[in-house]
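The structure appears below as structure tokens.
The values are calculated or read from the model by the stated rules, or taken from the named source; none is laboratory data. All values derive from a computational prediction rather than experimental measurement. We place every Cβ from the backbone using ideal geometry, glycine too, and count neighbours over all the protein chains shown. With ligands, DNA and RNA removed, areas are computed over all heavy atoms of the protein, side chains included. Shrake-Rupley method; radii C 1.70, N 1.55, O 1.52, S 1.80 Å.
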Amino acid sequence: MAAAKEIRTQIGSIKNTQKITSAMEMVAASKMRKAQERMTASQPYARLIRRVVSHIAKANPEYRHEYMIEREVKRVGYIVVSSDRGLAGGLNINVFKAVTREAKYWHEQGVEVDYAAIGSKANVFFRNHGGNLVAGKSGLGEAPAVDDLIGSVSVMLKAFDEGQLDRLYVVHNEFVNTMTQKPIVRQLLPLEAEAEADDEEETRASGSWDYLYEPDAKTLLDHLLVRYVESQVYQAVVENAACEQAARMIAMKNATDNAGNLIDDLELVYNKARQAAITQEISEIVGGAAAV
Amino acid sequence: MASFQCDIVSAEKAIFSGSAEQLIAAGVSGDLGILRGHAPLLTELKPGPVRVMREGGEEEVYYVTGGFLEVQPDVVSVLADTATRAHDLDEAAAEEARQEALKAMGDKQSDLDYTRAAAELAEAVAQLRTIQQLREKGSRR
């Protein structure tokens, strides 16, 4: 019966693990709902400021801000958004793969790459695998605030201002739906004149008008464009947080299902072993009785 | 009066979206009144009230701690740093914040503290201004 007892303990421990994973699944499901709400709540601001900035790009300003001018690319910056915790399936790995692909592309062109890591998983990744990490931020929690990100973003913006970076990207997970999250790389700087097909107002003749600026174009654009980058990064972080919970929910659901399958298999083996032990005992008794 | 589309958003959520006849906000170079067909304009906002006249004479007041105002002839967007409905403002709390800031400015420990206190003071004063405007409007009725 020794083998049977071992299997019993194994089943017990798998059942405990299953309880934990199913609890984590439920926690992630409820957190996901909140994270999703947060994501949709901050979308209007991100969308409006993007619209304003694309108007600026289309206008014919008397003053062209540095963030609007394409430069020869010698060094690029990536803001990599990841989660703080693991057990979320391939969520972070997918982002890092996308970053590695981009980095390889730039290296082939002889362009150097700097990184800003948001979330402890990204920090750990760059510490282990190298890569020139210039800013890091982790421990954002479930409700990240814009203030928490300003530090890392301003490091990258300063580098851009000083001409050390010629392009700035943000990499994060895009929330397609609960089942699907895919990594996405977006260019923040210099500004791309976005082709927004859905806006009917875009038919306005471009390039022939300009805003009135108060107090003046330079001060205003300086502030506005910094705010723009911050809001885009914030949106990326909030979206990534929703992805994290969704990915964890799916990962934990799979783990719970797998634990169930394992338990079924082991129960079968256990029953066989028990049956074999009983049969053996009977045959021993019968053999013993016959000998007498 | 002709109306235009008006959106007020803060980083955390959308505050107001709808058509309006006039919008009055505190820009850095002075208060602005925006009607339909205004020339394209971009301005920073000071802490203070943003008043929206809805169609039919209804008026709504929001309090912003700063941000940007974009004007296109038929669309006006307010990108507020933080916005609250003016009804939610508490006059006592605003007054308290103002006193606190004044006191902090009294003992100038360092420049940093001073700038922060000055910003806090400006914000408290702006909040009080919003409340007073709201009150005047109430008494006029």
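A few notes on this one:
- Enumeration of residues in segment A:124-153 that are part of a helix (DSSP H, G or I) and either in contact (Cβ under 8 Å) with a residue 60 or more places away in the chain or open to solvent by less than 30 Å² (accessible area, probe 1.4 Å) (or both): A:126, A:146, A:149, A:150, A:152, A:153
- From the list B:28, B:50, B:61, the one residue that fits, being within 22 Å of residue A:215 (Cβ to Cβ) and more than 14 Å from chain A (Cβ to nearest Cβ), is B:50.
- Residues of segment A:76-88 that are open to solvent by less than 60 Å² (accessible area, probe 1.4 Å) and not acidic (Asp, Glu): A:76, A:77, A:78, A:79, A:80, A:81, A:82, A:83, A:86, A:88.
- Scanning segment A:58-75 for residues being within 13 Å of chain B (Cβ to nearest Cβ) and assigned to a helix (DSSP H, G or I) gives a total of 1.
- Selection within segment A:99-123 - open to solvent by 60 Å² or more (accessible area, probe 1.4 Å) and part of a helix (DSSP H, G or I): A:100, A:101, A:104, A:105, A:107, A:108, A:121
- In segment B:10-25, the qualifying residues are those that are at pLDDT 90 or above and among the hydrophobic types (A, V, I, L, M, F, W, C), and the one that is nearest to the chain's Cα centre (by Cα) is B:25.
- Boolean, residue A:42 is among the hydroxyl-bearing types (Ser, Thr, Tyr), surrounded by 15 or more Cβ atoms within 10 Å (Cβ to Cβ) and within 30 Å of residue B:8 (Cβ to Cβ): yes
- In segment A:211-243, the residues that are more than 7 Å from chain B (Cβ to nearest Cβ), among the small types (Gly, Ala, Ser) and under 22 Å from the mean Cα position of the chain (by Cα): A:236, A:241, A:242
- The number of residues in segment A:22-37 being in contact (Cβ under 8 Å) with a residue 24 or more places away in the chain and either within 21 Å of the chain's Cα centre (by Cα) or open to solvent by 70 Å² or more (accessible area, probe 1.4 Å) (or both) comes to 9.
- Residue match in segment A:12-31 (condition: within 14 Å of another protein chain (Cβ to nearest Cβ) and either in a helix (DSSP H, G or I) or closer than 30 Å to residue B:15 by Cβ (or both)): no
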